[in-house]
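Reading through the structure tokens given below for one structure.
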Amino acid sequence: MQIKDDERELNRARYRALSQQLPLMYGIITINTLAVAYTHIEIAPLFLTLLAPVLLLVFALARTVKYVVGRQRLLSDEQIAKSLRNTIKLVIPLSAIFTLWGLSFYQYGDAHQHAQIVFFIGVTTIVSAFCLMHLRQAAMLHLFIVSIATCTFLLTFGEPVLTAIALNLGVVTPVFATLLLQSEKDFARMILQKRQQRQQHSKLRALNEENKRLANTDSLTGLANRRQFLAEIDECVSRHGKLGSEFVVALLDLDGFKPINDVFGHPAGDQVLVDTAARLQKRFSHLPVLIARLGGDEFGLLFRDPGNDEEVMTLARSACDAFRDAFRFEEGAANLSATIGMARFPAAANSRSLLFDRADYALYYAKQNAKSEPVFFSHDHERLIFANSALEQALRHADLEKEMTVEFQPVLDLEYGSTKGLEALARWYCPTLGRIRPDLFIKAAENIGMMGRLTEVLFTKALKEARNWPGDLTLSFNLSATSLSSEAPVRRLLSIAERSGFPMTRLIFEITESAVMNDFESAMEVLNLIRESGAHVAIDDFGTGFSSLAYVHRLPIDILKVDRSFIRDLTRNERSANVLRSILGLCENLKIACIVEGVETQEQFDLVCDLGGRFIQGYYYSKPLSAGDAHMVLQIESDMQEPPLHAIGDRA
């Protein structure tokens with residue numbers, strides 16, 4: 001019979017039901033009361049026929065107003081529980097007064113009026129119980145107070161008809177009470193089920209929101225991921241397109257990140273990425289900039305409300321400045337930088353895919369020409385894209401066997417004063433585009449997946465010429481990063497060399513530092529395969545990449561080729577001379593050969609000799625030669641002197 005405070009939702013449902021049903025109950029009671037008072041006004045006292053109905057009307061009106069107004073108010077759980085308890089308390093005196101007032105009329109009037117009194121009490125009781133059914137305590141109290149009092153009253157007359165009515169009422173009341181209780185239980189069960197459904201829906205919605213958050217969040221850094229970044233660009237394209245406003249997409253890539261994973265391990269790399277996210281968030285915490293990790297060491301920046309190009313460049317440079325401090329982790333520390341490519345909507349593009357691609361191209365251009373700096377996509381870049389597209393299209397339709405040629409640049413052995421080997425250099429003359437720079441068409445071949453085919457054609461041509469060289473001259477051939485991604489491409493090249501009859505011991509495969517660091521473990525497998533075949537391995541352009549003893553001593557290499565950038569300032573910069581001296585000493589200690597590239601002047605030649613260099617390559621000795629010129633020069637040299645006892649790359 002108590003109202004439980006912990007049944008908050010059920011109590012609210014009870015209150016809502018009562019606020020709708022009790023005004024109806026009071027209306028019916030008022031109508032029935034007025035009907036009884038009207039039929040007895042001439043035979044019953046005025047306090048019964050006039051005063052009591054007026055008081056009832058006033059009370060019913062006050063309670064009706066209370067519940068109607070209560071619908072519009074936002075009541076607390078405590079206020080609702082208190083109101084329900086007050087309703088239960090009021091039922092006891094009101095039921096007793098109602099019964100006493102109704103039965104008081106039985107002593108007046110004839111049999112018809114007596115029947116009206118019984119009908120009035122019965123109907124009003126049933127209606128009131130139904131209206132109170134959602135508050136079972138009040139309904140049961142009202143039903144049993146009125147029924148017990150009425151049955152007792154009827155039994156006192158001792159008349160068979162009244163006794164039968166009393167017994168009938170006594171039997172029906174418990175049955176009716178059972179029906180009311182069952183209805184109330186169903187009501188409570190329905191409210192509970194709705195609550196459970198809401199809870200399940202709430203949990204499902206929360207789970208969906210969490211799944212959505214996880215699907216759009218990078219698990220390592222907590223930033224938005226690529227999916228979310230692209231979706232935000234789509235939204236910006238739609239919104240800014242309608243408003244005629246602008247936004248900027250920027251792609252940021254870390255310079256030198258790959259070696260962190262390879263040298264210090266992936267935990268160190270993960271720490272760098274987490275630190276990168278924190279630094280970027282700190283830089284742009286006060287600006288409407290979305291920061292996302294797009295994958296690997298690439299991050300995205302979405303400037304939703306950018307200023308002019310100069311203002312955006314200032315913000316982008318501040319992002320680059322965030323990487324000036326060294327990254328520190330348990331295994332050590334590393335200095336990295338960042339390069340940024342940017343594209344503005346709608347000047348650069350008016351669609352998400354094209355905008356992203358052009359920001360990516362600006363990043364690629366910056367990597368090649370302005371590393372560690374932000375670069376905006378421009379009309380010049382657009383022209384370059386068209387040029388690259390034309391180049392790739394021409395390469396797809398090129399007759400490689402006919403259009404590709406090989407030139408050879410000799411390597412001088414200072415100890416013997418003669419050529420010790422030649423490096424094969426790719427050349428392409430396109431009938432429609434003319435002569436194309438090697439770095440351009442090799443990059444295009446990598447982009448369109450033709451590098452494997454191109455490499456085999458050039459290698460076959462180089463071997464064909466090298467077979468006719470006199471003595472034990474070596475052939476150096478450059479491998480791309482694609483060739484180091486798995487053993488299959490190199491196995492095909494070794495098979496071509498074996499079929500050509502060119503000795504494996506005279507074959508040198510040159511690789512760059514960046515190609516090795518692109519996938520260190522795969523590169524190690526490929527290099528071991530080359531060494532097992534009897535061929536030699538050279539690191540080309542040494543000094544421009546990671547240049548770390550952490551990998552030099554692990555790699556199965558025979559030769560280091562010092563990049564020409566150290567030689568360019570050799571005569572003017574003592575630091576360059578010291579670097580070259582250190583590299584020469586390193587090679588001597590590791591018992592590997594060292595070739596100094598880019599020697600073009602007498603001064604450079606003399607200084608390399610003074611520093612102890614033995615092998616040089618560059619225009620001072622010879623420019624790249626056509627196959628015919630190379631054969632002629634080598635033949636002349638062979639006729640003039642006896643060949644030395646050993647060649648570059650010998651491991652003895």
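The values are calculated or read from the model by the stated rules, or taken from the named source; none is laboratory data. As the structure is a computational prediction, the values presented were derived from the model and not from experiment. Virtual Cβ from ideal backbone geometry, glycine too; neighbours counted across all protein chains shown.
Numbers for the structure displayed
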| quantity | calculated |
| --- | --- |
| Scope region 581-601; condition under 17 Å from residue 536 (Cβ atoms) and in contact with a Phe, Trp or Tyr (Cβ under 7 Å, 6 or more places away or on another chain); matching residues | 593, 594, 595 |
| Test for residue 289: is it surrounded by 13 or more Cβ atoms within 10 Å (Cβ to Cβ) and more than 26 Å from residue 345 (Cβ to Cβ) | no |
| Whichever residue in region 324-355 is assigned to a loop (DSSP other than H, G, I, E, B) and of a type outside the set (A, V, I, L, M, F, W, C) and, among such residues, is modelled with the lowest pLDDT | 331 |
| Identity of the residue in region 374-391, small (Gly, Ala, Ser) and surrounded by 13 or more Cβ atoms within 10 Å (Cβ to Cβ), that ends up farthest from the chain's Cα centre (by Cα) | 390 |
| Residue 202 among the polar types (S, T, N, Q), part of a helix (DSSP H, G or I) and under 30 Å from residue 86 (Cα atoms) | no |
| Breaking point among (1) in contact with a Pro (Cβ under 7 Å, 6 or more places away or on another chain); (2) buried (at least 19 other Cβ atoms within 10 Å of the Cβ); (3) modelled with pLDDT under 90, for residue 306 | (1) |
| Residues that are acidic (Asp, Glu) and either modelled with pLDDT under 85 or more than 19 Å from residue 2 (Cβ to Cβ) (or both), drawn from region 43-96 | 77 |
| Options 496, 436; residue that is within 16 Å of residue 403 (Cβ to Cβ), among the aliphatic types (A, V, I, L, M) and either assigned by TED's automatic domain parsing to the domain that holds residue 531 or surrounded by 15 or more Cβ atoms within 10 Å (Cβ to Cβ) (or both) | 436 |
| Filter result for residue 177 (touching a His at 6+ places or on another chain (Cβ under 7 Å) and small (Gly, Ala, Ser)) | no |
| Candidate set from region 179-230 (those that are among the small types (Gly, Ala, Ser) and over 30 Å from residue 126 (Cα atoms)); member that is surrounded by the fewest Cβ atoms within 10 Å (Cβ to Cβ) | 219 |
| Region 225-242 residues that are touching a residue at least 60 places away in the same chain (Cβ under 8 Å), paired with ones that are among the polar types (S, T, N, Q) (beta carbon under 8 Å, 6 or more apart) | 225/216; 225/217; 228/216; 228/217; 237/350; 237/351; 241/350 |
| Qualifying residue in region 297-319 (condition: over 23 Å from the mean Cα position of the chain (by Cα) and assigned to a strand (DSSP E or B)) | no |
| Qualifying position, being surrounded by fewer than 19 Cβ atoms within 10 Å (Cβ to Cβ) and either among the hydroxyl-bearing types (Ser, Thr, Tyr) or in contact with a Pro (Cβ under 6 Å, 6 or more places away or on another chain) (or both), among 485, 476 | 485 |
| Check on residue 56, surrounded by 18 or more Cβ atoms within 10 Å (Cβ to Cβ) and either assigned to a helix (DSSP H, G or I) or β-branched (Val, Ile, Thr) (or both) | yes |
| Those residues of region 215-229 which are in a loop (DSSP other than H, G, I, E, B) and within 25 Å of residue 267 (Cβ to Cβ), in sequence order | 218, 219, 220, 221, 222, 223, 225 |
| Count of region 410-464 residues which are part of a helix (DSSP H, G or I) and either among the aliphatic types (A, V, I, L, M) or more than 18 Å from residue 476 (Cβ to Cβ) (or both) | 16 |
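Yes/no per residue for (1) of a type in the set (Lys, Arg); (2) under 13 Å from residue 280 (Cβ atoms):
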{"position": "295", "(1), (2)": "no, no"}
{"position": "299", "(1), (2)": "no, yes"}
{"position": "305", "(1), (2)": "no, no"}
{"position": "308", "(1), (2)": "no, no"}
{"position": "320", "(1), (2)": "no, yes"}
{"position": "328", "(1), (2)": "yes, no"}
